[in-house]
Amino acid sequence: MSQKIGVVVFPGSNCEMDAMEAFSDLGASPRLLWHADRDIGGVDAVVIPGGFAHGDYLRPGAIARFSPAMEAIIDFAHNGGPVLGICNGFQVLTEAGLLPGALQKNAGLKFLCKEVELRVETTNSVLTNMAYEGQTLRIPINHFEGNFTCTDETLTKLQSNGQIILTYTENPNGSIANIAAICNAQRNVVGLMPHPERACHALLGSTDGRTLLESFIQGAHANV
Amino acid sequence: MADPLHRSLGLTDEELSKIIEILEREPNHLELAMYSVMWSEHCSYKSSRIHLKRLPTQGENVLVGPGENAGVIDVGDGIAIALRIESHNHPSYIEPYQGAATGVGGIIRDIFTMGARPIAIMDPLRFGPLEDARSRWVAEGVVSGISGYGNSVGVPNIGGEIVFDQTYLGNPLVNVLCVGIMPKERLVLGQASGVGNLAVLLGSTTGRDGIGGVSVLASAGFGNEEEDAEKRPSVQVGDPFEEKRLIEGCLELLNEGLVVGIQDLGGAGLACAASETASRGGVGMDFNVSAVPQRESGMQPFEIMTSESQERMLAIVTPENLEQVFSICSKWEIRSSVVGKVTPSGSLRIVSDFDGEVLGEVPASSLHEDAPLYQRPIREPDDMDDATADEATKLPKPERIEDDLLDLLTSPSWATSQYDSQLFLNTVVGPGSDAAVLRLKHPTSGVDTGRGLALTTDGNHRWCAVNPRIGTVMTVAESVLNLACVGAVPQALVNCLNFGNPENPIVMWQLSEAVDGMAESCNAFELPVIGGNVSLYNESQGTNIDPTPIVGVIGLIKELVAAPPGLSWNDGDRIILLGPEASGLCGSAWAFQKGHRRGSLEMVDFELHQRLCALTRSLVTERLVTGLHDISTGGLGVCAAEMAIDSDIGCTLARIPDHISFFSESSSRVLIAVNAERIPEVEDLADQYDVPYARMGLAHGDMFTVKDLLSIPVSDLQQKWNNRLADALDGGTAQE
Amino acid sequence: MVYDACVEVKLREGIADPQGSTIEKATANLGFAGITNVRVGKSIRFQIEADNDEEASKIVNELCDRFLTNPVIEEAVIEIQVVG
Amino acid sequence: MVYDACVEVKLREGIADPQGSTIEKATANLGFAGITNVRVGKSIRFQIEADNDEEASKIVNELCDRFLTNPVIEEAVIEIQVVG
Ligand SMILES: Nc1ncnc2c1ncn2[C@@H]1O[C@H](COP(=O)(O)OP(=O)(O)O)[C@@H](O)[C@H]1O
Ligand SMILES: [Mg+2]
């Protein structure tokens, strides 16, 4: 049975169809979840896609995190369900308190759309279980507020628990410790700023994103 | 003494007489205000319409030609593509961020109005020189505005242009093109029909922003500081989040078949949308101003009718469907209110309530069809003969040709890296190549057709300053060649004619010549013109900009199995020039750099150009070349330099005897890089297509060398290329 | 009663301020000398109905904690004034 | 002398504030009743060296006009205080 992956749509989301396409090309069964529905329909995993939920007004994720769907997703995550936040989704997860830290405006104050090189720091997460440590991946970033920030205390925790799962080999946005992706202490909730769904098709320039999305499908499988 | 009202609204005495004739009485203030915005240059095309008629608009694939919100073509597999380009020049000079942002918002609405999902935008931009502080401030703000709005509304930006030149010092050009995709059967037109149907206003509240924007901003030039300051309150603020919800909500309404017609609100606001939908449907409308949700208190009916508040749509709905329309709107958090009723009368009646007082009443069609048409005086410049004789080849040759080359290198990536160019997983080639390439997926099933769409925008004010007719021909030719460089066959063209003050006969001559050039080349290339926009009064302090027709051309790629070769060459590749020998320097970027702006251009040989394009497409589809690039701005020199920069590999070139052949921008030429083993095939093919070619040299090493002319490290070229815009703009910009 | 509220949302001390540093660099480049320690925050102004001062202040404080600030990196300075 | 400057950049009256209206709607959805007229601006705080009050105020005003605001749609409220 292919994995049922729920892709959340908020007003202002815009990468939901891209996530749908990438996951179905990889053999999963993605479906859309509407932000106003509390019922997330027995999915095996949840993806919060990129975009500008509620316009990113006030702060990215600040309004989205109060959606009925998010209440359900918070429960789902607390019960060990795999949850992936891509870009805006990462911001939503930090606002919702499912991941530590916060994402600020990029150093240099510019939106950045370009391919970057990432390094896999740990394979112990729902996003990297099929990668190898030290593997480098070429995947695009596409954000204005991807500059990961946290207190020293949080950073130490992230480091000692191995919760930093991807780093930039060349820091594009000012993120602390070159952080591109982190997971929670239970390792089932992951947020990353780069867009793996944009790197799953040879015609689009890179297929390195597949490793990450396949890992996540694997993680969803383990959750069943 | 104060001006009479009609004049202060921008209407002439003759125009007022005509209104009185139509109404058979004096118009009241509300009616006058509506005529003033609808008969403005921006909405009525009163100076350009008689010329635009000369453009070819027919084609087998054309579903909708000029006159609607966007042109639409049939691309097969049940898919239709909508395309449109618009200018937002004047607002962008006054408030660069919001001016550009609302330009993006406006063009996107034109596309989903037709039933198409916007899938890409492009942004041909023109600014004053980088040395000028205000121009830097404008450029920085415009690019941020396009980035801020486009990224957030979720439409990728896949290309454009960014040009800096003295001619745009007080008048930047911000043109934005949008392309959308739809299943053919979803195509809708912006018309009201069915007496008793309702007009539902969707989206933002209406405020005082942009009152009379089209007549004040888009239809007059900039004079002095004080007057400009008075025009300022007309600037609007964009809300990409509202627009995103409108896109989704409106497409859902169309998918469900719940609307009879739909129309975006742009220039001239509700006055335009209400009268246009009614007159297209051959009906009338009662329009209830008090039903319009207002952002500010105490708004006058004329303010409500002419406000240009952004992110609003007018949908025509049958009463049976109203509840369902409301429920889809509320799902997407879109404000919706019934503001009008379709009547059989043919007149647009503005009422204070559906059974209240009539505040104004005009024949709906008179706002459009009766708009004045001007055959404005045309005059060729007096010194044409002298100007033509002034050849740029007579300029002294460069002291250090390396320096002239370096001065011509500017990467647009400072701007393009601020744009999401990848959303929707279609972008095979984004900004930075000759043309952008998108995968063509079916808009509803998502199935990949295995084919591709290609898009390019081009404009060249330098060529058009020298000769507006041939310059325009060369521009269209360049577009067609840009598409060939990615393997695409051109399908349709849209244009934005950016010109100076139409009351100046020389400007009208430029416009007329440019239209002739466009018609001539579109006929030759069998390219239908499916839409466009005219932006006049691009002048500041009495100086008109150089004529700047911008074209956007869409092409199809039959089989998109791999990304086209792009600009890069490999070490060891042979470099071959396809096309005739260079001729002349007039209108070239090099000549302009030396302050030379006159002379003559050589007419494009259409047949040769067609053969070159066909050859280029074959080379690309049969993968016979490693890399290729057409020769345009900066000539062969800049073309080769860009290929070296992109490859990070140098070259040694020969057969370029002097700066003339190095910097000439004459048409119909492509530089290709070929693996040595494929040379016979390539040359055979060129012979078959009867296209001249010449072996120019070899790609190798880290020096960019032209025998007997120059030698410079590729890294020096890269340095200038990469840093010019960042150096000028990253440190912060400020108003003068 | 109606109150005017003004909330200034500031980054907590010790949290890097990318907007502030970009502006600071720009001021120097643009010829404004001697400008330092630039910190950028938000000002959010609104009106609120409440029965009395205490209630108004309670609501605004709660609004700040739950919504207007991200306590991980931000804090709020609140001003409330009765208008009628 | 060193001055503390605080600049509040606000949208001019009548200029649409999409961010403010979205926040306003969100407060209602979150159950905060009676919040209206939400307007969002920026607060920019910094220190500035100047010879005297007059000069400090002149520089800050110029900074606002040329750089921190576009007077077409925004206006600045400036507060300056000497610190030493
Ligand atoms: N403002 C811009 N926005 C997006 N893309 C741009 C912009 N300016 C330039 N580009 C892209 O950079 C590339 C080079 O532009 P240009 O030199 O004008 O191309 P060409 O001469 O082949 O028409 C093109 O791919 C173009 O689409
Ligand atoms: Mg080109």
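The values are calculated or read from the model by the stated rules, or taken from the named source; none is laboratory data. Predicted model only: the values in this text are computed from it and were never measured. Glycine gets a Cβ as well: all are built from the backbone with ideal geometry, and neighbour counts include every protein chain shown.
Residue-wise test of (1) in contact with a helix residue (DSSP H, G or I) (Cβ under 9 Å, 6 or more places away or on another chain); (2) more than 16 Å from ligand 2 (Cβ to nearest atom).
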site: B:THR475; (1), (2): yes, no
site: B:ASN482; (1), (2): no, no
site: B:ALA488; (1), (2): yes, no
site: B:PRO505; (1), (2): no, yes
site: B:GLN510; (1), (2): yes, yes
site: B:GLU513; (1), (2): yes, yes
site: B:SER521; (1), (2): yes, yes
site: B:LEU527; (1), (2): yes, yes
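For the range B:398-446, a tally of residues being more than 18 Å from A:PHE111 (Cα to Cα) and near ligand 1 (Cβ under 9 Å from one of its atoms) returns 6. You will find that of B:ALA492, B:ALA415, B:ALA435, the residue that is within 16 Å of ligand 2 (Cβ to nearest atom) and among the aliphatic types (A, V, I, L, M) is B:ALA435 and no other. On the given criteria, is D:GLY20 within 14 Å of chain B (Cβ to nearest Cβ) and within 22 Å of B:SER92 (Cα to Cα)? For D:GLY20, the condition - within 14 Å of chain B (Cβ to nearest Cβ) and within 22 Å of B:SER92 (Cα to Cα) - is not met.
Here is a yes/no grid of residues against (1) modelled with pLDDT of 95 or more; (2) surrounded by fewer than 24 Cβ atoms within 10 Å (Cβ to Cβ); (3) farther than 23 Å from B:PRO443 by Cβ:
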| site | (1), (2), (3) |
| --- | --- |
| B:ASP110 | yes, no, no |
| B:ALA116 | yes, no, no |
| B:PRO124 | yes, no, yes |
| B:PHE127 | yes, no, yes |
| B:GLU131 | yes, yes, yes |
| B:VAL138 | yes, no, yes |
| B:ASN151 | yes, no, no |
| B:VAL155 | yes, no, no |
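The residue pairs whose first member lies in the range B:150-163 and is closer than 19 Å to A:ASP56 by Cα and more than 16 Å from ligand 2 (Cβ to nearest atom), whose second member is part of a strand (DSSP E or B) and of a type in the set (Val, Ile, Thr), and whose beta carbons are closer than 6 Å, counting only pairs six or more residues apart or on different chains, are B:GLY150/B:ILE121; B:VAL155/B:ILE121. Name every residue in the range B:519-535 that is in contact with a Gly (Cβ under 9 Å, 6 or more places away or on another chain) and not β-branched (Val, Ile, Thr), in order of residue number. Scanning the range B:519-535 gives B:GLU526, B:LEU527, B:PRO528, B:GLY531, B:GLY532.
The residues in the range B:129-173 that are of a type in the set (D, E, K, R) and either assigned to a helix (DSSP H, G or I) or within 26 Å of A:PHE52 (Cβ to Cβ) (or both) can be counted, and the count is 3. Return the residue satisfying two criteria in turn: it lies in the range A:95-108 and is facing chain C (nearest Cβ under 7 Å) and surrounded by fewer than 20 Cβ atoms within 10 Å (Cβ to Cβ), and of such residues it is farthest from the chain's Cα centre (by Cα). So the residue we want is A:GLY108.
With respect to the conditions (1) more than 30 Å from A:ALA177 (Cβ to Cβ); (2) of a type outside the set (Val, Ile, Thr); (3) within 14 Å of chain B (Cβ to nearest Cβ), C:ARG45 lacks only one, and its number is (3). When B:ARG84, B:ARG134 are screened for being over 21 Å from B:CYS464 (Cβ atoms) and out of contact with any helix residue (DSSP H, G or I) (no Cβ under 7 Å at 6 or more places or on another chain), only B:ARG134 passes.
Okay, residues lined up against (1) part of a loop (DSSP other than H, G, I, E, B); (2) of a type in the set (Gly, Ala, Ser); (3) in contact with a Ser or Thr (Cβ under 7 Å, 6 or more places away or on another chain):
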residue	(1), (2), (3)
B:ARG7	no, no, no
B:SER17	no, yes, no
B:CYS43	no, no, no
B:SER47	yes, yes, no
B:HIS51	no, no, yes
B:GLN58	yes, no, no
B:VAL75	no, no, no
B:ALA80	no, yes, no
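For B:LEU202, the conditions (1) closer than 30 Å to B:GLY10 by Cα; (2) in a helix (DSSP H, G or I) are fulfilled apart from (2).
The number of residues in the range B:517-535 being of a type in the set (A, V, I, L, M, F, W, C) and assigned to a loop (DSSP other than H, G, I, E, B) comes to 2.
Each row is one residue, and each column tells you yes or no for (1) modelled with pLDDT of 95 or more; (2) surrounded by fewer than 20 Cβ atoms within 10 Å (Cβ to Cβ); (3) away from chain B (no Cβ under 14 Å).
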residue: D:CYS6; (1), (2), (3): yes, yes, yes
residue: D:GLU24; (1), (2), (3): yes, yes, no
residue: D:VAL40; (1), (2), (3): yes, no, no
residue: D:ALA76; (1), (2), (3): yes, yes, no
residue: D:GLU79; (1), (2), (3): yes, yes, yes
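Within the range B:146-171, the set of residues being more than 12 Å from ligand 1 (Cβ to nearest atom) and within 30 Å of B:LEU246 (Cα to Cα) comprises B:GLY148, B:TYR149, B:ASN151, B:SER152, B:VAL153, B:GLY154, B:VAL155. The set of residues in the range B:392-437 that are part of a strand (DSSP E or B) and closer than 18 Å to B:LEU628 by Cα comprises B:VAL428, B:VAL429, B:ALA436, B:VAL437.
Can you tell me how many residues in the range B:471-489 are more than 11 Å from ligand 1 (Cβ to nearest atom) and surrounded by 24 or more Cβ atoms within 10 Å (Cβ to Cβ)? Total satisfying the criteria: 10. Scanning the range B:621-642 for residues that are away from ligand 2 (no atom under 13 Å from the Cβ) and not hydrophobic (A, V, I, L, M, F, W, C) gives B:THR621, B:GLU622, B:ARG623, B:THR626, B:GLY637. Within the range B:438-470, if we keep just the residues that are away from ligand 2 (no atom under 16 Å from the Cβ), small (Gly, Ala, Ser) and in contact (Cβ under 8 Å) with a residue 12 or more places away in the chain, the residue that is nearest to B:ILE506 (Cα to Cα) turns out to be B:ALA465.
Scan the range B:617-645 residue by residue and report those that are of a type outside the set (A, V, I, L, M) and more than 24 Å from B:PRO398 (Cβ to Cβ).
B:ARG617, B:SER618, B:THR621, B:GLU622, B:ARG623, B:THR626, B:GLY627
If the condition is being within 14 Å of chain A (Cβ to nearest Cβ) and assigned to a strand (DSSP E or B), then the range B:541-586 contributes only B:ILE557. Taking every residue in the range D:1-25 that is in contact (Cβ under 8 Å) with a residue 24 or more places away in the chain and part of a loop (DSSP other than H, G, I, E, B) and pairing it with any residue that is surrounded by fewer than 20 Cβ atoms within 10 Å (Cβ to Cβ) and aliphatic (A, V, I, L, M), at least 6 positions away or on another chain, the pairs with Cβ-Cβ distances below 8 Å are D:MET1/D:VAL82.
For (1) under 16 Å from B:GLY487 (Cα atoms); (2) within 15 Å of ligand 1 (Cβ to nearest atom), each residue gets a yes or a no:
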| residue | (1), (2) |
| --- | --- |
| B:ASP648 | no, no |
| B:ALA654 | no, no |
| B:SER667 | no, yes |
| B:VAL670 | yes, yes |
| B:ARG678 | no, no |
| B:ARG695 | no, no |
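Of the strands (runs of 3 or more DSSP E) entirely within the range A:111-224, those holding at least 2 residues that are of a type in the set (Gly, Ala, Ser) occupy A:179-183. Considering each residue of the range B:502-510 in turn, none proves to be away from ligand 1 (no atom under 15 Å from the Cβ), of a type in the set (A, V, I, L, M, F, W, C) and under 19 Å from the mean Cα position of the chain (by Cα). Of all residues in the range B:128-145, exactly one satisfies the criterion of being without any contact (Cβ under 8 Å) to a residue 60 or more places away in the chain and near ligand 1 (Cβ under 10 Å from one of its atoms), namely B:VAL142.
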